[in-house]
Amino acid sequence: MPFAVIARDKPGALEIRKANRDKHLAYLDQTGCVTLAGPLLEEGEMTGSLLILDLPDKAAAEDWAAGDPYAQAGLFDRVEIMEWKKVVG
């Protein structure tokens, strides 16, 4: 089941994002459930993340999000997880 994870960075946390980016990307690769992923941008600066996960239920998506190195480093101000339905693409 697809889930969208929308995570907004804490203000002024770009250095936390940069310092943990390699671990975050490795986590995405290792977990094997990420369909799409990329940063949210404001005026060209990374300010959050949008990910589409393929997992069996919302609890699994929440566990995945909690294990993300970005989350563990305290990067995010807020994270929203919801079921997602692909319509185009």
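The values are calculated or read from the model by the stated rules, or taken from the named source; none is laboratory data. The shown structure was predicted, so the numbers you read here are calculated from the model rather than taken from an experiment. So basically every Cβ, Gly included, is an ideal-geometry build from the backbone, and we count neighbours across all protein chains shown.
A few notes on this one:
- The set of residues in region 1-18 being surrounded by 14 or more Cβ atoms within 10 Å (Cβ to Cβ) and in a helix (DSSP H, G or I) consists of LEU14, ILE16, ARG17.
- Looking at GLU80, GLU62, just one residue is of a type in the set (Asp, Glu), in a strand (DSSP E or B), at negative phi and at pLDDT 95 or above, and that residue is GLU80.
- When region 30-89 is filtered for residues that are charged (D, E, K, R), under 16 Å from ILE16 (Cβ atoms) and surrounded by 13 or more Cβ atoms within 10 Å (Cβ to Cβ), the ones remaining, listed by number, are ASP68, ASP77.
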